[in-house]
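The values are calculated or read from the model by the stated rules, or taken from the named source; none is laboratory data. Treat the numbers as computed from the prediction; the structure is a model and nothing was measured. No Cβ is skipped: glycine too gets one built from the backbone with ideal geometry, and neighbour counts run over all protein chains shown.
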């Protein structure tokens, strides 16, 4: 998705989050164009190697900058970020592309039939739409390794389940509103479960444990049960390093 | 293997250091000590780097046994003593280093004066870090021993099989721990989501720490806060100390185990100099808040750092704490406390 320069861009707001973090807020909506501005500033700030920088946490619409107040100050961080924002040069980084083999439906995707009913589509069409789109990781959050991916085809948009599940298995591929995700750990959850991938998005036995980061791109590839089980067994035996199909492009 | 045996765990102790604040962009909560000041002083007493991991104790402390030639420990953040078991039970005061020899059992009883205290061991623990930290984050089973709180029978592997030979130290200045006054708050990031009356009431009122208080956050009881424009925001980042107000209007202060992002408006953020005080609070404690600007918060943090530096510089010799006759009769050479 590209930004159109003709759109008016509201000036980002610098919001206080105590004396060890600040928020640069670019907007208040789930909008790829806003997220791209967030990612762009995050990338520039990382490259600039700000003194005292602790972490940069992009979200759908804002960048949280964590810093060490014993090394730097709010004023210094804000000034530097404003300088970086006025630099418009450089193409955006294109993140790694991942393909996640996914077994849709049945016990792996217990909400597939329900999603089909509620959207007026066949289950096959739901899978086709969900797997036919390349998603971007707009932000990480909720739990270690969980990426908020979007935007899903509008035909699939549904509010969250009215009754969240107490336990959603790790690897569950789910949708809600205009986003999709993969549960990185077993947890409670209110999204609609379409399928499951054997790829571990969080694995303490791997270095680093978290697979995805904001800016990455993800495609879901429908597979049958045999392929799912074979990859699952290989992943569990740790004899396969799961790699992206395309590396990051910083051109 | 040299280690510290957890004979009985007490109330869910965890290993904590300075946490993982640098991987919040991967959705990993920072975790780390709820009271980093007490952690630093405990580490300094036993000669560890400031960011070494110690055992964070809450509510009721464990019983330990030394399974190393010797171990030097220090308990900081509570007035409760270290009870050393043997022929005769003796009590060593907290806030000083204590040298214990192989087989010695010791325990920390109930923590009636704080939410959190630390037991540091010289040399620290021989455990593989996760993202550079030993801090335990139990919800994702990260850090510590198998990502969980310590249990009866666990053996915490020690990096040092024998304590260094040196004199014992005592932290004589305890004023840092008795810090009173209002908890200082910088407004934002979503103060504009609250009515002016609510914000005024928040700073004018007393709040109580409820029983819903853990390493992730503490829910407060006091005046309910009214949202001016709804209680859902598009998720944004969370800083430690953020005062989050969900739909019911009851504020929650988010602590070390907070999620990295969230979708509730945050009225303000407790300043970094006062975050350690939050960890010391217990259910039923009262607190009130004062509004400060970021520059005041930065000055307060510098003051705190300088103060803790002074506390450490002014460590004095440890007070005698034992039946020394018995001690010298048993072991004149090393001065170690042999098991009774």
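Taken together, B:247, B:180 contain a single residue that is out of contact with any strand residue (DSSP E or B) (no Cβ under 7 Å at 6 or more places or on another chain), without any contact (Cβ under 8 Å) to a residue 60 or more places away in the chain, surrounded by fewer than 18 Cβ atoms within 10 Å (Cβ to Cβ) and more than 28 Å from residue B:116 (Cα to Cα), which is B:247. For the range B:89-117, the set of residues classified as more than 14 Å from residue B:55 (Cα to Cα) and in contact with a helix residue (DSSP H, G or I) (Cβ under 7 Å, 6 or more places away or on another chain) consists of B:96, B:97, B:114, listed by residue number.
When B:130, B:121 are screened for being surrounded by 17 or more Cβ atoms within 10 Å (Cβ to Cβ), in contact (Cβ under 8 Å) with a residue 24 or more places away in the chain and within 16 Å of residue B:71 (Cα to Cα), only B:121 passes. In this entry, residue A:232 passes the filter for residues that are surrounded by 15 or more Cβ atoms within 10 Å (Cβ to Cβ) and modelled with pLDDT under 95.
Of the residues making up the range B:270-299, those that are within 19 Å of the chain's Cα centre (by Cα) and either closer than 27 Å to residue A:61 by Cβ or outside the structural domain of residue B:245 (by TED's automatic domain parsing) (or both) number 4. Of the strands (runs of 3 or more DSSP E) lying entirely inside the range B:68-141, those carrying at least 3 residues that are farther than 17 Å from residue B:171 by Cβ are B:82-85, B:105-108.
Applying the selection to the range A:186-203, what residues are touching a helix residue (DSSP H, G or I) at 6+ places or on another chain (Cβ under 9 Å), surrounded by 22 or more Cβ atoms within 10 Å (Cβ to Cβ) and within 14 Å of chain B (Cβ to nearest Cβ)? Residues satisfying the conditions are A:200, A:202. There is no residue in the range A:59-68 that is touching a helix residue (DSSP H, G or I) at 6+ places or on another chain (Cβ under 8 Å), away from chain B (no Cβ under 14 Å) and either in a loop (DSSP other than H, G, I, E, B) or under 30 Å from residue A:246 (Cα atoms) (or both). Considering every residue within the range B:150-162, establish whether at least one is touching a strand residue (DSSP E or B) at 6+ places or on another chain (Cβ under 9 Å), away from chain A (no Cβ under 14 Å), modelled with pLDDT of 95 or more and on the phi > 0 side of the Ramachandran plot. Yes, there is a match, as at least one residue in the range B:150-162 is touching a strand residue (DSSP E or B) at 6+ places or on another chain (Cβ under 9 Å), away from chain A (no Cβ under 14 Å), modelled with pLDDT of 95 or more and on the phi > 0 side of the Ramachandran plot. For beta carbons closer than 9 Å, sequence separation of 6+ or different chains, a first residue in the range B:142-157 that is not assigned by TED's automatic domain parsing to the domain that holds residue B:10 and a second that is in a loop (DSSP other than H, G, I, E, B) and at pLDDT below 95, there are no qualifying pairs.
Among the candidates A:173, A:166, the residue that is at pLDDT below 95 and either within 12 Å of chain B (Cβ to nearest Cβ) or in a strand (DSSP E or B) (or both) is uniquely A:166.
Matching residues to (1) closer than 18 Å to residue B:177 by Cβ; (2) away from chain A (no Cβ under 13 Å); (3) at pLDDT below 65:
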| position | (1), (2), (3) |
| --- | --- |
| B:285 | yes, yes, no |
| B:297 | no, no, no |
| B:303 | yes, no, no |
| B:308 | yes, no, no |
| B:330 | no, yes, yes |
| B:333 | no, yes, yes |
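The residues of the range A:104-124 that are within 15 Å of residue A:220 (Cβ to Cβ) and without any contact (Cβ under 8 Å) to a residue 60 or more places away in the chain, listed by number, are A:123, A:124. Return the only residue of A:76, A:47, A:17 being modelled with pLDDT under 95 and more than 23 Å from residue A:174 (Cα to Cα). Just one listed residue meets the conditions, A:47.
Restricting the range A:124-135 to residues that are surrounded by fewer than 23 Cβ atoms within 10 Å (Cβ to Cβ) and in contact with a strand residue (DSSP E or B) (Cβ under 7 Å, 6 or more places away or on another chain), the residue that is farthest from the other protein chains (Cβ to nearest Cβ) is A:127.
The number of residues in the range B:12-55 being away from chain A (no Cβ under 14 Å) and within 14 Å of the chain's Cα centre (by Cα) comes to 18.
Out of B:200, B:226, one residue alone is modelled with pLDDT of 95 or more, surrounded by fewer than 18 Cβ atoms within 10 Å (Cβ to Cβ) and not assigned by TED's automatic domain parsing to the domain that holds residue B:140. It is B:200. A residue that is touching a helix residue (DSSP H, G or I) at 6+ places or on another chain (Cβ under 9 Å), in a loop (DSSP other than H, G, I, E, B), free of Cβ contacts under 8 Å to residues at least 60 places away in the same chain and more than 14 Å from chain B (Cβ to nearest Cβ) cannot be found anywhere in the range A:78-85. Which numbered condition trips up residue A:30, out of (1) crowded, with 23+ Cβ neighbours inside 10 Å; (2) within 15 Å of the chain's Cα centre (by Cα); (3) within 7 Å of chain B (Cβ to nearest Cβ)? It fails just one condition, (1).
Count of the range B:111-135 residues, restricted to those that are under 29 Å from residue B:166 (Cα atoms) and within 14 Å of another protein chain (Cβ to nearest Cβ), is 6.
Condition test on residue B:195, is it away from every other protein chain (no Cβ under 14 Å), surrounded by fewer than 19 Cβ atoms within 10 Å (Cβ to Cβ) and touching a residue at least 40 places away in the same chain (Cβ under 8 Å)? No. Only one entry of B:59, B:108 meets the criterion of being crowded, with 23+ Cβ neighbours inside 10 Å, more than 30 Å from residue A:205 (Cα to Cα) and assigned by TED's automatic domain parsing to the domain that holds residue B:162, and that entry is B:108.
Taking first residues from the range A:222-238 that are on the phi < 0 side of the Ramachandran plot and partners that are loosely packed, with under 14 Cβ neighbours inside 10 Å, the Cβ contacts under 8 Å between residues at least 6 apart in sequence or on separate chains come to A:231/A:240; A:234/A:240. Tallying residues that are in contact with a helix residue (DSSP H, G or I) (Cβ under 6 Å, 6 or more places away or on another chain) and not in a loop (DSSP other than H, G, I, E, B) within the range B:188-241 yields 1.
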